[in-house]
Amino acid sequence: CLWCASSGRCVEYPVRRVLPRADLCELRSARWGVCWVNFEALIIAMSVVGGTILIMLGVCCCCCCCKKKSKKQALLSVRPDKDEERAAREREKRRVRQEERRAEMKSRHDEIRRKYGTV
């Protein structure tokens, strides 16, 4: 039932439409179901509740995304990726080769010094 306060009559609610037509009853004088529920106030209240739910849903999605991102970054910082591991192995190999070359050069220089008696 749609109660129209301006005309003082109860009409069958037009179920095919969300809002009643203006020629049937003005929106500010339309009452829905029971006589004390103003249709205009009901629409505003439902909009506020729906908007609040959408905002809360958006905030929850943002929080979940931030948590996933921080967990992913923490996981990556704990376990280095394969490129970093390969680069570390190559650096270690170069360091070992450099040490070997340095030791070889030192022994060659020592041999030359002994040969010419500059030791």
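If one takes the longest principal axis of the Cα atoms in the chain, at what angle in degrees, from 0 to 90 and to the nearest 10, does the Cα axis of helix 82-116 lie? Once rounded, one gets 20 degrees. For the chain, the longest principal axis of the alpha carbon atoms and the long axis of helix 39-78 meet at an angle near 10°. The charge dipole of the chain, taken about its Cα centre with unit charges on the Cβ atoms of Lys, Arg (+1), Asp and Glu (-1) only, comes to about 1140 debye. Restricting the calculation to Cα atoms, the chain yields a radius of gyration followed by a Dmax of 41.1, 127 Å. Here the calculated FRET efficiency for residue 110 and residue 70, from their Cβ-Cβ distance with R0 = 41 Å, stands at 0.10, rounded to the nearest 0.05.
Each value in this text was obtained by applying a stated rule to the coordinates, not by laboratory testing. Since the model is a prediction, treat every value here as computed from it, not as a measurement. Cβ: placed from backbone, ideal geometry, glycine included. Neighbour counts: every protein chain shown.
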